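Here the structure comes first, spelled out in structure tokens, and everything after it is commentary.
The values are calculated or read from the model by the stated rules, or taken from the named source; none is laboratory data. Computed from a predicted model, the values in this text were never measured in an experiment. Heads up, the Cβs are rebuilt from the backbone with ideal geometry, glycines too, and the neighbour counts pull from every protein chain shown. Accessible surface is based on the protein model in full, side chains and every heavy atom, while ligands, DNA and RNA are left aside. Shrake-Rupley method; radii C 1.70, N 1.55, O 1.52, S 1.80 Å.
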Amino acid sequence: MEEASIMVASILTAVRFIPDFAFAKRGYLYNTLKIECNRFCDWPDAAAALTRPERCDYGLAMIPAWIIEKKRDGLRLDEEEIRFFVEGYTSGRIPDYQMSALAMAVYFRGMDAEETAVLTDAMMRSGDVLDLSGIPFPKVDKHSTGGIGDKTSLILAPWVACCGIAVPMISGRGLGITGGTLDKLESIPGYRTNLSAEEFVRVVSTCGCSIIGQTETLAPADRKLYALRDVTGTVPSIPLICASIMSKKLAEGIDALVLDVKCGRGAFMKDMAAARELGRAMSATGRRMAKRVSALITDMNEPLGRAAGNSVEVMEAVEALKGRGPADLMEVTRALAEEMLMAGGVASDRMSAARSLQHALSSGAALEKFREMVRLHGGDARIVEDFSLFPRARISMPVRSDRDGFVQSVDAEAVGRACVILGAGRKVASDRVDHAAGVTDIAKAGEHVSSGEALAVAHASDSRLVEEAMPHLKAAFSVGDRPLKQTSRILERLQDEGRGFGM
């Protein structure tokens, strides 16, 4: 027993300090170690460990610190190492501080396409994968990478469900300065985002759409890591964003996925190169798992629509379903809806998809579908007609223009920061959001304003929060003499090129 321990410790030490170029010889060293350890049959732990696939380049046992060091040094992680780390973190054997360290190493060193796909699959398989085969419609979901004022999911799910597509949507909470669909829905009195998997499937089967948060059994690894990234500065990592999004979405049992990759000041991806890289990463990962994936890159330099917050965004989404949505919000939502109908095979081209969607909107069917979804989730469906049922802020204060002119730009990031300060977002993971807080009546780039006219209105429960947020909100608006042409919020439709990511 003692001789075996000494022998294994010696080999482990030797393997750990092999130069990088010698890693190709790992298989030979591993087999040697296996043969030698199996000679000592009275040491069952060693024998059992050797028969497990969980091994790393550093030796017999999986040591979290060594895996962190390996990625820190820019080396590629093996499939076994990634799966070991995900399983250990999900079960609680690997603590938050070690997962934070690995996330930071990935943030700086990236992951290649294979690592990203393995991480996604491991996170997806950390829990259950839904079986929606009993629903006789194509199952298509949409995911946005997050933006300011992005309430498209609230409009898309019922709108597309009117056109022969089932929309099982698992969404998240606010991350960084970007809003969360769940926080918005929970501003509806009684709306339950925590349906069980069985309830979720039943709602989708009944009305064609459901928007919930992650259940205890769906991608639990992502649920833990999602909250951790928000408070450790590791949100804008392409492999981590990709694995987070795709593990949840693929666990839904969908046939196809449409991605809305936000690009600009109010997005995690600030420029087109980064947005393309993230879009290609997610598309390639989905296709590796036999799912149809398409992606649009959309502009997030200014907020989407005229409201940013929680209840204020739900109200704007309801207005959109009544055919009264802001032009930029409707442009993005309609483009994503068309992609979903084509991905699900119920529309052969964009023109036929547009006709189906227009009928669902103008007939009132989309609004009625939203009402039905809210009711099936336990929410008060009267909010569709009575906005007074939403929580209301105690304090409202306008930001006024100090001159006549045209709005030159609206900085989405500054508006997002103001929303967090007002209480609509979280400063730490444990914060409770104020569903009534936010910003409304946001002027759009190109619009004319007069001196003293409101550029936006801030809402909060405390006047001190409004005072703290006002400098950010004032700084968000630039007013000048030059009239601007309206530009499209749809920047590009991505074609997958199968590259590596985040390196």
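The table below lists the values:
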| quantity | calculated |
| --- | --- |
| Some residue of segment 339-361 being farther than 30 Å from ALA454 by Cβ, open to solvent by 40 Å² or more (accessible area, probe 1.4 Å) and of a type in the set (Asp, Glu) | yes |
| Counted residues, segment 292-328 - those being touching a helix residue (DSSP H, G or I) at 6+ places or on another chain (Cβ under 8 Å) and farther than 15 Å from VAL439 by Cβ | 16 |
| Filter pass, GLY446 being open to solvent by 10 Å² or more (accessible area, probe 1.4 Å), small (Gly, Ala, Ser) and closer than 19 Å to LEU329 by Cα | yes |
| Scan of segment 473-491 for residues that are hydrophobic (A, V, I, L, M, F, W, C), farther than 10 Å from GLN408 by Cα and in a loop (DSSP other than H, G, I, E, B), ordered by number | ALA476 |
| Residues that are over 24 Å from the mean Cα position of the chain (by Cα) and either assigned to a helix (DSSP H, G or I) or surrounded by 20 or more Cβ atoms within 10 Å (Cβ to Cβ) (or both), drawn from segment 59-74 | GLY59, LEU60, MET62, PRO64, ALA65, TRP66, ILE67, ILE68, GLU69, LYS70, ARG72 |
| Complete set of residues in segment 165-198 that are modelled with pLDDT of 95 or more and open to solvent by 20 Å² or more (accessible area, probe 1.4 Å) | GLU186, PRO189, GLY190, ARG192 |
| Search result, residues across segment 75-113 that are under 17 Å from ALA227 (Cα atoms), in a loop (DSSP other than H, G, I, E, B) and either of a type in the set (S, T, N, Q) or open to solvent by less than 10 Å² (accessible area, probe 1.4 Å) (or both) | ILE94 |
| Leading residue by the ranking (farthest from LYS249 (Cα to Cα)) among those in segment 215-232 that are surrounded by fewer than 23 Cβ atoms within 10 Å (Cβ to Cβ) and touching an Asp or Glu at 6+ places or on another chain (Cβ under 7 Å) | LEU228 |
| Residue list for segment 306-323, restricted to those being in a helix (DSSP H, G or I) and of a type outside the set (D, E, K, R) | SER311, VAL312, VAL314, MET315, ALA317, VAL318, ALA320, LEU321 |
| Residue match in segment 265-284 (condition: in contact (Cβ under 8 Å) with a residue 24 or more places away in the chain, touching a Lys or Arg at 6+ places or on another chain (Cβ under 8 Å) and more than 30 Å from ASP411 (Cβ to Cβ)) | yes |
| So GLY425, is it part of a loop (DSSP other than H, G, I, E, B) and either open to solvent by less than 50 Å² (accessible area, probe 1.4 Å) or in contact with a strand residue (DSSP E or B) (Cβ under 7 Å, 6 or more places away or on another chain) (or both) | yes |
| Selection from segment 451-482 of residues that are surrounded by fewer than 12 Cβ atoms within 10 Å (Cβ to Cβ) and touching a residue at least 60 places away in the same chain (Cβ under 8 Å) | SER463, ASP481, ARG482 |
| Only listed residue being small (Gly, Ala, Ser) and open to solvent by 40 Å² or more (accessible area, probe 1.4 Å), chosen from ALA308, ALA366, ALA327, ALA317 | ALA327 |
| Residue that is most open to solvent (accessible area, probe 1.4 Å), among those in segment 129-149 that are under 15 Å from the mean Cα position of the chain (by Cα) and either of a type in the set (A, V, I, L, M, F, W, C) or closer than 17 Å to LYS291 by Cβ (or both) | HIS143 |
| Selection count where residues are within 9 Å of ALA251 (Cβ to Cβ) and surrounded by fewer than 23 Cβ atoms within 10 Å (Cβ to Cβ), scope segment 114-128 | 3 |
| Cross-chain or 6+ apart pairs with Cβ under 9 Å, segment 431-450 first and at positive phi and among the acidic types (Asp, Glu), then open to solvent by 30 Å² or more (accessible area, probe 1.4 Å) and assigned to a loop (DSSP other than H, G, I, E, B) | ASP441/ARG306 |
| Residue count for segment 163-212, restricted to those that are of a type in the set (S, T, N, Q), part of a helix (DSSP H, G or I) and without any contact (Cβ under 8 Å) to a residue 60 or more places away in the chain | 1 |
| Single match in VAL407, VAL374, VAL399 (criterion: touching a residue at least 40 places away in the same chain (Cβ under 8 Å), assigned to a helix (DSSP H, G or I) and open to solvent by less than 70 Å² (accessible area, probe 1.4 Å)) | VAL374 |
